[in-house]
Amino acid sequence: MKETARIQIRTSEDMKRRASQLFEDLGLDLGTAINMFLSQSLREGGLPFRSQLSKFDREMEEAEASPVTRAGDVESIKDIVHHV
């Protein structure tokens, strides 16, 4: 039998409960599911799923990186909106 090691992680009680129920419904316990994740990560050489920011997060990053245009009066605002 292979030597085993203990891994401890912290998560919310709700996350643990919901994940345990999900994996139980799939016929797995939480430890087996975590070991499957680790095994697949090693096979893939990375995360076994796409990791990406949500569309909202990307749009917020783009907006925050955009230069700020200031308008002093209504005509300036109309001019800015017309060019968008």
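Taken along the Cα-to-beta-carbon direction at a fixed 7 Å, the label points for Met1 and Glu62 span 5.5 nm. The packing ranking, built from the mean of other Cβ atoms within 10 Å per residue, places the peptides 62-71, 24-33 in the order 24-33, 62-71, highest first. Per residue, the solvent-accessible area of the stretch 20-59 (1.4 Å probe, heavy atoms of protein chains only, all protein chains present) comes to 85 Å². On the stretch 31-84, 56 percent of the accessible area sits on carbon and sulfur atoms, based on a 1.4 Å probe. Convex hull volume of the Cα atoms of the chain, normalised per residue: 220 Å³.
The values are calculated or read from the model by the stated rules, or taken from the named source; none is laboratory data. Source: prediction; values computed, not measured. Virtual Cβ from ideal backbone geometry, glycine too; neighbours counted across all protein chains shown. Note: accessible area is taken over every heavy atom of the protein model, side chains too, but ligands, DNA and RNA are not part of it. Shrake-Rupley method; radii C 1.70, N 1.55, O 1.52, S 1.80 Å.
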